[in-house]
Amino acid sequence: MAKAVFCIATSQLQVESIVEQLKGAGFPNDAVSVLFPDKTGTHDFAHAPGTKAPEGAAAGVGTGGLLGGILGWLAGLGLLMVPGAGPFVGAGPLFAALGGAAVGGAVGGLAGTLIGLGIPEFEAKRYTGKLFDGNFLVSVHTNDAGQRSLVKEIFRRARVRHITWAGESSAKGK
């Protein structure tokens, strides 16, 4: 997986602004991930082990309209049950990686996935806690240093919290 920049957004409006700016800057939809807990009370649907993200999952998830609009642009939008954590809505490469961990029953699937992507353990646990508190995790995956700088600037303009990145320390010349 490409190197990634991560942040915690505290509102739907922040997420929509970030995704719109990323789209406008030319980032492909399969490079952007958004993950958030489904706290709407609609838990009739769960990701079954051994299946792909089911078609129509977005239609069955009551997320207050968040799945419509700009987030509809993201790749692989769906719902996933994380053992011990409950249902999450997400899209993008981070969601796909988490899906494999959750389906495999990995203990600490969310934090473990983030650590596996290169986020320091302390940050991964912080992000996991923020998600459980109802915040949104946004990440953008790219191997281009210029694009990573642009992502960080977009995140800063959106006034998000806890911007971090994975894998930059291994980049040549740094």
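The values are calculated or read from the model by the stated rules, or taken from the named source; none is laboratory data. Source: prediction; values computed, not measured. Positions of Cβ are backbone-derived with ideal geometry, glycine not excepted, and every protein chain shown enters the neighbour counts.
Do you know which residues across region 12-33 are touching a Phe, Trp or Tyr at 6+ places or on another chain (Cβ under 8 Å), closer than 16 Å to Asn135 by Cβ and modelled with pLDDT of 90 or more?
Let us first name the residues in region 12-33 that are touching a Phe, Trp or Tyr at 6+ places or on another chain (Cβ under 8 Å), namely 12, 14-15, 18-19, 23, 29, 33.
Among the residues that remain, those that are also closer than 16 Å to Asn135 by Cβ are: 12, 14-15, 18-19, 33.
Result: Gln14, Val15, Ile18, Val19.
For region 1-35, a residue qualifies if it is of a type in the set (Lys, Arg) and assigned to a helix (DSSP H, G or I), and exactly one does: Lys23. Residues that are within 21 Å of Phe122 (Cβ to Cβ) and surrounded by 23 or more Cβ atoms within 10 Å (Cβ to Cβ) within region 141-159 comprise just one, Phe155. Within region 131-145, residues that are closer than 18 Å to Ala4 by Cα and outside any loop (DSSP other than H, G, I, E, B) sit with their Cβ atoms under 6 Å from residues that are hydroxyl-bearing (Ser, Thr, Tyr) and modelled with pLDDT under 90, at 6+ positions apart or across chains, in these pairs: Leu137/Tyr127; Ser139/Ser33.
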